[in-house]
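Okay, so here's the structure we're looking at.
Read the figures in this text as sums done on the coordinates, not as results from a lab. Model, not experiment: these values are computed from the prediction. Cβ coordinates were reconstructed from backbone atoms using ideal geometry, including for glycine residues, and neighbour counts include every protein chain displayed.
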Amino acid sequence: MEELKNIIAKASENDTEDVKRFLFGSIEYTSLKCTDSEQSIMAFVEQVNRWDNERPELPHPATICVYPCFADIVSECLDVEGVGIACVSGSFPSSQTFLEVKIAETALAIKDGATEIDMVLPVGKFLAGDEEGVMDEIREMKAVCGPDVALKVILETGCLGTPENIRKASWLAMNSGADYIKTSTGKEKISATPEAAYVMCQCIREYYEKEGRMVGFKPAGGINSSMDAIIYYTIVKEVLGKEWLNNRLFRLGTSRLADILINELTN
């Protein structure tokens, strides 16, 4: 991908304080550990509250992302206006359960305060060629979310194998009502990559030109440095354009990046 190499070469031009501030405001501050508890999630939310009090010069993160059973804890403890509550739902991260269970889990998360839902595309069905089954699941999940709760569809690009599969999965998700497409759960060996991001952003652009609907983009997993995030920012800027450079359409699924950016912006 020669064009992608050229885009990545431009990333250093975006290594600025303003871009880092923007990136901080696009973070989905995420805790998805098997050791999560009510107490740990309360402390996690309190960190966001402290940033708002102690770092008023910084934007707040876009959302806090947790398992559905913690949506009510986040809703009760979060003091910062404008921070969304995202829940991974539908048997995250495998997406391997009954559709009725996925729907029930999603409905409960929304009842408890979730403002956004992240579901995993049923990769097994996709790889088996059951495209209609994939689309039916996404449509059903979007129906539960309704117009007011954004649905992000995680493609798990590291399991899809080829750019062609990533492209096909992107289109299936968008055609089924996805409000965002997201690279990864962060639970597989391969998470977000610039190569997958580039293909997904191309699809978002093509979909917008065809349908007139702006779909958001979220890389997640393996974002370990500010430059990692700046590369994704640059891909979005070059492929999708400045219209996507807001925290309604561009998100970063990470937790460690927040501390990294704070250190770089305050030192």
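In terms of the Cα gyration tensor, with a ≥ b ≥ c the square roots of its eigenvalues, is the range 1-88 rounded because a/c is under 1.5, prolate because a/b exceeds b/c, or oblate?
Working: a/c = 3.18, a/b = 1.73, b/c = 1.84.
The shape class here is oblate.
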**Request:** Distance check, please: which entries in Lys20/Lys152; Lys111/Lys218; Lys168/Lys218; Lys152/Lys218; Lys20/Lys237; Lys189/Lys237 exceed 19 angstrom between their Cα atoms?
**Result:** Lys20/Lys152; Lys111/Lys218; Lys189/Lys237
**Request:** Rounded to whole Hz and in sequence order, give me ³J(HN,Hα) for the range 43-48 from the Karplus expression 6.51 cos²θ - 1.76 cosθ + 1.60, θ = phi - 60°, writing x for Gly and Pro.
**Result:** 5, 4, 5, 4, 4, 5
**Request:** Order these peptides, 70-76, 40-46, by their mean beta-carbon neighbour count within 10 angstrom, highest first.
**Result:** 70-76, 40-46
**Complete:** Listed by chain and number, the residues whose amide H is under 5 Å from that of Ala220, excluding neighbours fewer than 5 places away on the same chain and using placed H, are Thr183, Ser184, Ala192, Gly253
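Multiply the residue separation of Lys210 and Ala143 by 0.36 nm, subtract the distance between their alpha-carbon atoms, and state the gained length in nm to one decimal. Walk me through the numbers on the way to the answer.
On the way: separation 67, 0.36 × 67 = 24.12 nm, distance 2.28 nm.
Taking 0.36 nm per residue and subtracting the Cα distance, the gain is 21.8 nm.
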**Asked** What residues have an amide H closer than 5 Å to that of Cys65, excluding those fewer than 5 places away on the same chain, when H is modeled at 1.01 Å from N in the peptide plane?
**Response** Tyr29, Thr30, Ser31, Ala86
**Request:** Would you kindly derive the ³J(HN,Hα) couplings of the range 13-23 from the backbone phi angles with the Karplus curve 6.51 cos²θ - 1.76 cosθ + 1.60 (θ = phi - 60°), listing them in order in whole Hz, with x for Gly and Pro?
**Result:** 5, 9, 7, 10, 5, 4, 5, 5, 4, 4, 4
**Request:** For the range 159-169, take each phi angle, set θ = phi - 60°, evaluate the Karplus expression 6.51 cos²θ - 1.76 cosθ + 1.60, and give the result in whole Hz per residue in order, putting x for glycine and proline.
**Result:** 9, 7, x, 9, x, 5, 5, 4, 4, 5, 5
